[in-house]
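Below is one structure; the comments refer to it alone.
Just so it is clear, none of the values below were taken in a lab; they were calculated from the coordinates. All of these numbers come straight from a predicted model, not from anything done at the bench. No Cβ is skipped: glycine too gets one built from the backbone with ideal geometry, and neighbour counts run over all protein chains shown.
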Amino acid sequence: MIQGIGASSGIAIGKAFVLPNWEWEVPDQKIDVSDFAREFERVYEGIRTSKHEIEQIKDELREVVGSEETHIFDAHIAILDDPVFMNEIQGIIQRQYKAAEVAVKEAIDHFVTMFDLLDDDYMKERALDIKDVGNRLLKHLLGVPEVTLPSDTQPFILIAKELSPSQLAHINPEHVLGIVTLAGSTTSHSSIMARALGIPLVVGVEPKLKEPIITGQTIVVDGGAGHVFIDPDEAVIKRYNDLHDKLAEEKKKLQHIADRLSVTPDGKALRLEANISSIKELEIALASGANGVGLFRTEFLYMDRNRFPKEEEQYEVYRSVAEKLSGEPLVIRTLDIGGDKQLDYFELPEEDNPFLGYRAIRISLDRKDLFKTQLRAILRASVFGQVKLMYPLISSVNEVQAANAVLKEAMEELEREGIPYDRGIKVGIMIEVPAAVMIADLLAQEVDFFSIGTNDLVQFTLAVDRMNEEISHLYDPFHPALMRMLIQTVEAAKKYGITVGVCGELAGDLRALPIWLGLDVDEISMSAHSILLVKERLLGTHQKESRLLLQELKACRTSAQVIEKLEAFKNALDTRTANG
């Protein structure tokens, strides 16, 4: 068994098809000064053809994964339009008297090497984008055919060194059962697209791979656990076939509760909402019976493009989501970039501790022009549904008041322009730093709702970067300190009569459900794929019993004790359910 990184969940079993590297040998070819104009024109023509090809890919892909994910290719077009990239190519042609294809190859290698040397996963992923775009341009300059996937064979497991978005765009999900890449990360464009396509994906297997995978070998992929089996025995194949069938059957069986109200046997209603980044995710959430969207991450509107999105662009997306929800709540979080989320066209300062630095609401309050543009778009969309507005990474009353001041300016502008908006729009904040917890009673007097972002709250409370492999085992969502913070936050919300929800990964953890019921939170928001599982558990869990359990959890001194009690509660519920 090879242990990789699970990037898109699911089970896949089939024959391997190894994708050849999309790269070509380019012999060093010299030219004369009289050839400069011709070589420049070859580059320009190659760029025009490449851009046209990318636009066609966008159009084809939009019907499969939705328009949001196709913004990835805007970044590719931006590279072809980048004067720095073009100047590098022209400089090599003029200074070194080299042919267009040689200059392009050297420019690609230069930028890819430069980005690969940076100790930053995001920038390393941009190196793959540059390689992808550069190789597309090279393909046209060399006049070679593009590597294509088999389309007339049985479905297969795709194996690749790296998988570029351009290559993934041509994948038919009916033909590709799963994907394994030697390199890559869970945050790469390809991983994002694989999840949107619903294809199991394991990345980063190269360090554990002793021999190369060969086309035709039988492969088992577990995209959730990150496991890859090469030519497994019959016992392994049977085990994963059974698991695949079990998961499919469970998913089918759960679908019948999608339309049921999310209410406990003793009458506690708990809204089960979805965290989304795109229209595609919204459709999955609605099919799973989501009671609305508790967290709409707006970052995707800003990423993988060469400029900030205009007000009209944002408005159209927010309006579309609000309309599709048909009156169910839509909580739109304002721009949350910085930390691990960067924009190619917005140069953020280099920081020793970016997660503690210039990010989220801090950027919005510093760049009020960008902030107001987004607020206007959200306000305009608010007349099409139950839209709510949420500020991320709040740590002080001053920040809330400053953000609301910009919101008031945006409202006054719309009033003067005669543009309608919901004058009673609800405004909330994310509770994700310890400072916000400690002044939750003060913040509750400034806003209409809280949403507890457990991912960052755990990280900041325990001073643990969960992406750091050396200390990720210390990332502990059941630490007694977090229990106390949850209790304090909910109590402050209840005291001042505002609603409170949870939107981090812990919201979708089945073990944590009695915590939310015991605390009497109003809603929990999670990945669309978790909603039916949580609803099934909710329908059999009593709030009264959860409240008694919470009293026991308050007395726990270690996370092991918390987990032990939660597991015992879960097992008792499972036994009761099994016995009818």
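With 20 Å as the limit, write out which pairs from Lys15/Lys161; Lys252/Lys535; Lys280/Lys372; Lys494/Lys554; Lys30/Lys131; Lys426/Lys494 have Cα-Cα distances beyond it, or answer none.
Numbers: Lys15/Lys161 17 Å; Lys252/Lys535 14 Å; Lys280/Lys372 27 Å; Lys494/Lys554 18 Å; Lys30/Lys131 23 Å; Lys426/Lys494 17 Å.
Table pairs above 20 Å Cα-Cα are Lys280/Lys372; Lys30/Lys131.
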Residues of type aspartates and glutamates that Lys570 reaches as a straight line, Cα spacing below 20 Å, ignoring anything fewer than 8 places off in the same chain: Glu250, Asp266, Asp476, Glu505, Asp509, Asp520, Glu536, Glu545, Glu552
With the crude spin-label approximation of a point 7 Å out along Cα→Cβ, what separation in nm comes out for Ala555 versus Ile439? 3.6
Highest average packing first - 410-416, 232-238, 176-182, 429-435, Cβ atoms within 10 Å: 176-182, 429-435, 410-416, 232-238
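Which of the peptides 490-501, 526-537 is most tightly packed, and how do the rest follow, judged by the mean count of other Cβ atoms within 10 Å per residue? Can you show the working numbers first?
Numbers: 490-501: 18.7, 526-537: 20.8.
Output ranking for 490-501, 526-537: 526-537, 490-501.
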Once you have the Cα-Cα distance between Leu243 and Val427, take 0.36 nm times their residue separation minus that, and quote the gain in nm to one decimal. 61.9 nm
Please compute the net charge surrounding Cys503, taking Lys and Arg as +1 and Asp and Glu as -1 over other residues with Cβ under 11 Å from its Cβ. -3
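Sort 437-445, 250-258, 330-338 for me by packing, meaning the mean count of neighbouring Cβ atoms within 10 Å per residue, highest on top. Please report the intermediate quantities before stating the final value.
Working: 437-445: 18.4, 250-258: 12.8, 330-338: 24.3.
Result, highest mean first: 330-338, 437-445, 250-258.
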Distance in nm between pseudo-label sites at Lys210 and Met1 (7 Å out along the Cβ direction from Cα): 1.6
Given 0.36 nm per residue, what is the gain on full extension from Glu415 to Lys570 after removing their alpha carbon distance, in nm? 50.5 nm
MRE, 222 nm, helices only [DSSP H, n ≥ 4, -39500 (n - 2.57), over the chain, to nearest 500]: -15000 deg cm²/dmol
³J(HN,Hα) computed for each position of region 492-503 - Karplus, 6.51 cos²θ - 1.76 cosθ + 1.60, integer Hz, glycine/proline x: 5, 5, 5, 4, 9, x, 10, 7, 9, x, 10, 10
With everything on Cα atoms, drop me the angle between helix 368-381 and the longest principal axis of the chain, reported from 0 to 90° to the nearest 10. 70
Spin-label point model (7 Å from Cα, Cβ direction): what's the His473 to Asp82 distance in nm? 3.9
Can you give me the Cα centroid spacing of region 290-326 and region 497-563 in angstrom? 29
Fewest first, what order do Glu399, Glu206, Glu417 take by the number of other Cβ atoms within 10 Å? Glu417, Glu206, Glu399
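Give the percent of DSSP beta bridges with both residues in region 268-578 that are antiparallel, rounded to the nearest 5.
Values: 2 of 31 bridges.
For region 268-578, the DSSP antiparallel bridge percentage is about 5.
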What's the exposure ranking of Cys556, Cys503, going from fewest to most Cβ atoms within 10 Å? Cys556, Cys503
For Asn579 and Glu312 in one chain, what is 0.36 nm times their gap in residues minus the Cα-Cα distance, to one decimal in nm? 90.5 nm
Run down the aspartates and glutamates and flag those whose C-alpha is under 14 Å from the C-alpha of Lys58, throwing out any fewer than 8 positions away in its chain. Glu68, Glu69, Asp74, Asp304
